[in-house]
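So the structure is just underneath, and the comments pick up after that.
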Amino acid sequence: MNDTILKESYGTLSETINGLIADGYTQDFNIKDECFVCNKTKVSLSPKDFQIDKVYRFEGSSDPDCQSILYAISSKIHAMKGTLVNAYGIYSNAETSKMIEKLETNGTENTTGNKSNEATALRPEGERVLNAPLVEMDLNKFMEQIKNESTWETSDRNSITIFKSESITMVLIALHPNAEMKPHKANGLLSVQVLYGKIEFSTDAQSSTLHAGQMIALQENITHSVRAVIESCFLLTIAKYGK
């Protein structure tokens, strides 16, 4: 069905959506009850009914690993093409992520193998291995990297994803003094290990002050916040339950 050659880049998220609309991707999809639903026609698509033609990622200006991801989707069965937007990062939408895992991309089923980060405007090298049978991670090197990037100079934080599989995500996060990660939830069991500095980790029921060498674990879907008392860096690990 899809004879359109999509561009590698249309610009910003909004420019890409408009560009895809001009290329015939006119429907707006969202997730409902483990299927895609077209907002305009109310047609429901199960994973076998469609394929992903192109994926576009867009970085957040204050956090290169806090992204939006745009899917260009087509369905031969329903003769329709459209787009789906999802967060891509630590707190991505779990329902959308589960659906994406079930898809066949361009007619070939996704397989698990070595996976590297994709090149982005803020990190153009695109060479960081995120998933493989064995992944080496030099935390000192990553801490040096995120503190040498422009984002660290222009924002109150910077972060880098160092491992990402279907079940586990590991992110190194550096915060300037008094930088705060506002109350939020994670759809998985998480741990926070302070590498240097001092942070306050708070839930509605409890608050803990963590120094270098200390860590906490938190059950899924518990609202929490993080504040750096002094310049700090910690390793965040999120483990999601089975599909």
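Output the residues belonging to region 154-212 that are open to solvent by less than 50 Å² (accessible area, probe 1.4 Å), more than 15 Å from R227 (Cβ to Cβ) and among the polar types (S, T, N, Q). Correct list: S155, N158, S159, T161, S165, T169, N187, S191. On the basis of being part of a strand (DSSP E or B) and in contact (Cβ under 8 Å) with a residue 60 or more places away in the chain, does L210 make the cut? No.
The strands (runs of 3 or more DSSP E) found entirely in region 128-201 that carry 2 or more residues being of a type in the set (V, I, T) are 157-164, 168-175, 189-196.
I230 satisfies every condition listed in (1) of a type in the set (V, I, T); (2) assigned to a strand (DSSP E or B); (3) open to solvent by 40 Å² or more (accessible area, probe 1.4 Å) except (2). For the criterion of being open to solvent by 50 Å² or more (accessible area, probe 1.4 Å), touching a Ser or Thr at 6+ places or on another chain (Cβ under 8 Å) and in a strand (DSSP E or B), A217 passes.
The values are calculated or read from the model by the stated rules, or taken from the named source; none is laboratory data. All values reported here derive from a predicted model rather than from experimental measurement. We place every Cβ from the backbone using ideal geometry, glycine too, and count neighbours over all the protein chains shown. The accessibility values were calculated without ligands, DNA or RNA, using every heavy atom of the protein model including side chains. Shrake-Rupley method; radii C 1.70, N 1.55, O 1.52, S 1.80 Å.
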